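Q: One structure, pasted below without further comment.
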Amino acid sequence: MDRLAIVVPCYNEEEMLKISSEALRGVLNDLVSKGKISADSFVMFVNDGSKDRTWELIEEEHKAHPVQVFGVNLAGNVGHQFALTAGLITAKDLSDVTVSIDADLQDDITVIEEMIDKFHAGNDIVYGVRKERKTDTFFKRTTAQGFYKVMELMGVKTVYNHADFRLMSKRAVEQFSQYKETNLFLRGMVPLIGYKTDCVYYDRKERVAGESKYPLKKMLALAFNGISSFSVKPITMILGLGVAIVCICILAAIYALISYFTGSVVPGWTSLMLSIWFLGGVQLLAIGLVGQYIGKIYIEVKQRPRYNIEKVLADEQE
Ligand code: UDP
Ligand code: MG
C-alpha cells in the first residue's frame, strides 16, 4: 500500500492551521479506511518563517497526532515556491506519493481521492485544475488569467488554471529534485519532468480564514520570475526588433535619398536621418545577437537534466 504525504506550505497561517490539520487528517482517515493509502500516511506542514504562532501550532498538532502530522520548520521566510520544494523533497524520502496543497483550503480536498485513483491508474503527476473562478474577485480573476495568457505567449508551458495543488509520485519528485536551478517556478518545471500525467477538476473556494499572502506585487513578481526563468523569448524579441529597424532604415534611406536628389531638403537632414536609423538598428541588432549568447549561457547554467527515462526494456539476464 502506498504511503501518502500531503505537503502544506504555511506562512502566517495560525488562523488556518488547526482547521487545515483537522480537514486533511479527515481525508487521510477516509482514504485509509477505503484501503487506498497506508495507515502511516501523513500531513507535512512546512512553516515558511512565519511571524505568528504557526510553528507552535504545528508542534502542538504533531504532539497530538504524532503519526499523522509532521512538521518542517524553515529557518526563515523563503517564499511559497521554496517552502513547497523543501516540503516535497523532505517528504519524498518518507513516502511513496505526495500531494501539495495550500494551507487555506481554497482547493477542494475531496478531489484528493480522485488524484490517488489516477495515481493508481498509472499517472505520476496529477494536476488539480480549477473549473471556474466564481469566488475570486474580478480583479484576481482577470489578472490570474492574464498571467496564464502571457506565459503562453512567452513560450512557457504551464497547465492552464492549475496552481500548486497536485499529486506527484516519489519518482516524479526525485526527478524534480534533479532540477538544481535556484529561480524556482514549479508550475513551469513540473511539466518538464514528463511521465504520464492527468488532471482532476474542481471549484476553487474562498479562503476559510486569514488573508491572501499573494498581493498583486507578489503575483507580478511570480509572473516575471516565471517568464525570466523559462524563456529566452524576450531576448529573441529584441533581435527581431533590431532586424525590423534595420529594414525600416533601408526604407528611410531610399526616402531620404529621393528627397535629397529632388532637392527638397535642408542641408544635413539626409545624413542625420540616416545615421539615427542606421545606428539605432545596428545597436539593437548587436544587443539581440549578444543576447542570444547570454540566452545560451543561461540555459547551460541551469544544468537541467537533459532527459528523463521513464522505462528501459532490456535483456534481463546477466
Ligand atoms: N505561503 C508561503 N510563503 C509565503 C507566502 C505564502 O508558504 O511567503 C503559503 C501560504 O501559507 C499558503 C500558500 O502559500 O498556504 C498560498 O498562499 P495564499 O493562499 O495566500 O495565496 P493565494 O491563494 O491568495 O494566491
Ligand atoms: Mg490561497
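Here is a yes/no grid of residues against (1) within 12 Å of ligand 2 (Cβ to nearest atom); (2) surrounded by 14 or more Cβ atoms within 10 Å (Cβ to Cβ); (3) under 19 Å from residue 87 (Cβ atoms); (4) without any contact (Cβ under 8 Å) to a residue 12 or more places away in the chain:
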position	(1), (2), (3), (4)
183	no, no, yes, no
195	no, yes, no, no
198	no, yes, no, no
213	yes, yes, yes, no
224	no, no, no, yes
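Q: When you look at residue 204, is it buried (at least 16 other Cβ atoms within 10 Å of the Cβ), within 16 Å of ligand 2 (Cβ to nearest atom), of a type outside the set (Gly, Ala, Ser) and assigned to a loop (DSSP other than H, G, I, E, B), yes or no?
A: On the way: buried (at least 16 other Cβ atoms within 10 Å of the Cβ): yes; within 16 Å of ligand 2 (Cβ to nearest atom): yes; of a type outside the set (Gly, Ala, Ser): yes; assigned to a loop (DSSP other than H, G, I, E, B): yes.
Taking the combined requirement at face value, the residue satisfies it.
Q: Picking from 102, 107, 124, which residue would you name as being in contact with a Ser or Thr (Cβ under 6 Å, 6 or more places away or on another chain) and touching a residue at least 60 places away in the same chain (Cβ under 8 Å)? First the steps, then the outcome.
A: Values: 102 fails: in contact with a Ser or Thr (Cβ under 6 Å, 6 or more places away or on another chain); 107 fails: in contact with a Ser or Thr (Cβ under 6 Å, 6 or more places away or on another chain).
The match here is 124.
Q: Of (1) in contact with a helix residue (DSSP H, G or I) (Cβ under 9 Å, 6 or more places away or on another chain); (2) open to solvent by 80 Å² or more (accessible area, probe 1.4 Å), residue 234 satisfies all except one. Which?
A: (2)
Q: Continuing with the same structure: How about region 36-57: which of its residues are open to solvent by 40 Å² or more (accessible area, probe 1.4 Å) and away from ligand 1 (no atom under 16 Å from the Cβ)?
A: Correct list: 36, 39, 40.
Q: Might you let me know whether region 158-172 holds any residue that is over 17 Å from the mean Cα position of the chain (by Cα) and either of a type in the set (S, T, N, Q) or assigned to a loop (DSSP other than H, G, I, E, B) (or both)?
A: We begin by selecting, within region 158-172, every residue over 17 Å from the mean Cα position of the chain (by Cα); these are 169-171.
So of that shortlist, the ones also either of a type in the set (S, T, N, Q) or assigned to a loop (DSSP other than H, G, I, E, B) (or both) come out as 169.
Scanning region 158-172 turns up at least one residue that is over 17 Å from the mean Cα position of the chain (by Cα) and either of a type in the set (S, T, N, Q) or assigned to a loop (DSSP other than H, G, I, E, B) (or both).
Q: Here are 143, 137: which of them is more than 20 Å from the chain's Cα centre (by Cα), within 16 Å of ligand 2 (Cβ to nearest atom) and surrounded by fewer than 17 Cβ atoms within 10 Å (Cβ to Cβ)?
A: Working: 143 fails: more than 20 Å from the chain's Cα centre (by Cα).
Matching residue, one of 143, 137: 137.
Q: Can you give me the number of residues within region 93-128 that are closer than 19 Å to residue 68 by Cα, open to solvent by 20 Å² or more (accessible area, probe 1.4 Å), more than 16 Å from ligand 2 (Cβ to nearest atom) and not in a loop (DSSP other than H, G, I, E, B)?
A: 2
The values are calculated or read from the model by the stated rules, or taken from the named source; none is laboratory data. What you see is a predicted model; the values in this text were computed from it and never measured. Note: ideal-geometry Cβ built from the backbone for every residue, glycine included; neighbour counts use all protein chains shown. Side chains included, ligands, DNA and RNA excluded: accessible areas come from the protein's heavy atoms. Shrake-Rupley method; radii C 1.70, N 1.55, O 1.52, S 1.80 Å.
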